[in-house]
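Have a look at the structure below before the remarks.
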Amino acid sequence: KAGVTQTPRYLIKTRGQQVTLSCSPISGHRSVSWYQQTPGQGLQFLFEYFSETQRNKGNFPGRFSGRQFSNSRSEMNVSTLELGDSALYLCASSRTGTSSSYEQYFGPGTRLTVT
Amino acid sequence: KQEVTQIPAALSVPEGENLVLNCSFTDSAIYNLQWFRQDPGKGLTSLLLIQSSQREQTSGRLNASLDKSSGRSTLYIAASQPGDSATYLCAVEETSGSRLTFGEGTQLTVNP
């Protein structure tokens, strides 16, 4: 069974640009969550999607957005990039979106560098 | 607001030693607690998940316990090996859904 995949793995962008990251969950998983990991702030929750609907949102500015498609694949977009957006962006999927005892499985992440 | 703390921040031990990593959380209203390991520059690997109604879970050399009322969890690693070297993170899933709140992690080094 394939794990969570994220593309691209590495990305270099310039301040002011926008970027789109993609996440394909484990087959059968309908919940997809996104996290940002930085040395200073650790792992912070961005948002979670279930059945194409955003169910939870973290404390990030509106420049961060996402969506989920009918096949559960998800994308996140960051507009008007800032230097502080440089981070490892991790996607996680779980079997169901209802709060339960199901494990969350993480992808390898996308390393975004903003110059 | 849920806060998760992990102690110690870093730990260096000789191979073969048994060790305990600690995790505490401020709000006991959790659905579950999950332990992960992260190798440098990589994603997270799930190690153990403890449901809020459980007291412990075991997988191989790993044993995780949960005391929800006191807001604490421990991860016990038996007979540590150099391959166990990684950062270990605990995370709680809150009642509001699939949002995980993470601790800062414990960086473990097992010396041969």
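Residues in the range B:29-65 that are aliphatic (A, V, I, L, M) and assigned to a strand (DSSP E or B): B:ILE30, B:LEU33, B:LEU44, B:LEU47, B:LEU48, B:LEU49, B:ILE50, B:LEU62, B:ALA64. The residue that is nearest to the other protein chains (Cβ to nearest Cβ), among those in the range B:93-112 that are within 10 Å of the chain's Cα centre (by Cα) and in a strand (DSSP E or B), is B:PHE102.
For every residue, the table says whether it meets (1) modelled with pLDDT under 95; (2) more than 10 Å from chain B (Cβ to nearest Cβ).
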position: A:GLY62; (1), (2): no, yes
position: A:GLY84; (1), (2): no, yes
position: A:LEU88; (1), (2): no, no
position: A:TYR102; (1), (2): yes, no
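Checked against the criterion of being of a type outside the set (Gly, Ala, Ser), within 9 Å of chain A (Cβ to nearest Cβ), surrounded by 13 or more Cβ atoms within 10 Å (Cβ to Cβ) and touching a residue at least 40 places away in the same chain (Cβ under 8 Å), the candidates B:LEU33, B:LEU21, B:LEU44, B:LEU11 yield just one match: B:LEU44.
Listed here are the residues, each with its yes/no results for (1) without any contact (Cβ under 8 Å) to a residue 24 or more places away in the chain; (2) farther than 21 Å from A:ALA2 by Cα; (3) buried (at least 21 other Cβ atoms within 10 Å of the Cβ).
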{"site": "A:PHE64", "(1), (2), (3)": "yes, yes, no"}
{"site": "A:ARG67", "(1), (2), (3)": "yes, yes, no"}
{"site": "A:SER94", "(1), (2), (3)": "no, no, yes"}
{"site": "A:GLU103", "(1), (2), (3)": "yes, no, no"}
{"site": "A:PRO108", "(1), (2), (3)": "no, no, no"}
{"site": "A:VAL114", "(1), (2), (3)": "no, yes, no"}
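When restricted to residues that are over 11 Å from the mean Cα position of the chain (by Cα) and either small (Gly, Ala, Ser) or farther than 24 Å from A:ARG30 by Cβ (or both), the range A:71-87 contains 10. Of the residues screened, A:SER72 is one that is at positive phi, buried (at least 18 other Cβ atoms within 10 Å of the Cβ), more than 8 Å from chain B (Cβ to nearest Cβ) and out of contact with any helix residue (DSSP H, G or I) (no Cβ under 6 Å at 6 or more places or on another chain).
Taken across the range B:74-83, residues that are away from every other protein chain (no Cβ under 14 Å), modelled with pLDDT of 95 or more, assigned to a loop (DSSP other than H, G, I, E, B) and crowded, with 18+ Cβ neighbours inside 10 Å do occur, with at least one present. Looking across the range A:22-49, just one residue is surrounded by fewer than 21 Cβ atoms within 10 Å (Cβ to Cβ) and of a type in the set (A, V, I, L, M, F, W, C), and that is A:ILE26. The residues of the range A:18-49 that are of a type in the set (Gly, Ala, Ser), at the interface with chain B (Cβ under 10 Å from one of its Cβ atoms) and more than 8 Å from the chain's Cα centre (by Cα), listed by number, are A:SER31, A:GLY42.
The values are calculated or read from the model by the stated rules, or taken from the named source; none is laboratory data. The structure presented is a predicted model; accordingly, all values stated were derived computationally and were not measured. No Cβ is skipped: glycine too gets one built from the backbone with ideal geometry, and neighbour counts run over all protein chains shown.
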